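What follows is a set of notes on a single structure, which appears directly below.
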Amino acid sequence: MNCSEETLYMLTGKLLGDGCITKQKGRKPRFQFIHSINDIDWCMYCYEQLRHEIPFAPPFYKKIQDIRTEKGYTECYQVQSRTDPTITWLDTLWYSKQKKVIPFEFIDQYLNVEALAWWYQDDGHLSQKGTIPKKNYSFD
C-alpha cells in the first residue's frame, strides 16, 4: 500500500458514499466516483484531494440518456483512477463476488470525522421545514 492514512479516510468516505471500485474482466480494479453536474465543485475538490496519492484521470463530463427525467438525460462528471496497488488492496477488502460488502474491521480503523464528512457530503443533506432543520439521507 502506498498512500497515507489521511487518503484512506477520504477513500473510506467515498466508498461509503458515491465511490466504487470497478473491475473489467482480466484487468486490475480502478476507483471511480460520479457526481451530478450541480456538484462539480465537490467533484473537483475530491479529485484535487485524492490525485496526489492515487493516480486519477481528471474529471470528465458525461451526458447520459435517462427517460426517467423530465429532460430525458442527466449530466454528470466522472472521475476514475488508473490502476494502483492501493485500489487493488481496497478491492479485496470491499468487494466479494463483485458486490460491495462493508469491511467492518477496516471501517473500525478508517472511519473518522473526515470519512464521515465525505460520506455525508456524498449522500446526505439538510432541509428545513419551517424553522426546524431536518436530516435527509440518500443511499442510491
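No lab work stands behind these numbers, since they all come straight from the coordinates. From a predicted model like this one, the values you see are computed outputs, not experimental measurements. Here Cβ is always computed from backbone atoms with ideal geometry, including for glycine, and neighbour counts include all displayed protein chains.
How big is the chain by the Kirkwood estimate over distinct Cα pairs, in Å?
This gives a value of 16.1 Å.
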Going toward the positive end of the dipole of the chain, with +1 on Lys and Arg Cβ and -1 on Asp and Glu Cβ, which of Trp118, Pro55, Thr88 do you reach last? Thr88
Given springs between every Cα pair under 10 Å in a Gaussian network model of the chain, which of Asp122, Asp41, Asp18 has the largest fluctuation? Asp41
In the chain, with Lys and Arg counted as +1 and Asp and Glu as -1 at Cβ, which of these residues, Tyr9, Gln65, Gln78, has the Cα nearest the positive end of the dipole, that is, farthest along it? Gln65
Please work out the Cα center distance from the stretch 51-72 to the stretch 77-120, rounded to the nearest Å. 20
Top of Ile37, Ile107, Ile64 by mean-square fluctuation, Gaussian network on the chain, Cα under 10 Å: Ile64
Would you mind calculating the gained length between Lys129 and Lys99 on full extension (0.36 nm times residue separation, minus the Cα-Cα distance), in nm to one decimal? 7.1 nm
Hey, fewest Cβ within 10 Å first, where do Trp89, Trp42, Trp119 land in order? Trp89, Trp42, Trp119
Hey, rough spin-label estimate for Ile37 and Thr69, points 7 angstrom out along Cα→Cβ, what's it come to in nanometres? 0.7
Taking springs between alpha-carbon atoms closer than 10 angstrom, which of Tyr45, Tyr77, Tyr120 fluctuates most in the Gaussian network model of the chain? Tyr45
List nothing, just return the count: lysine pairs in the stretch 4-140, 8 or more apart or interchain, with Cα separation under 13 Å. 6
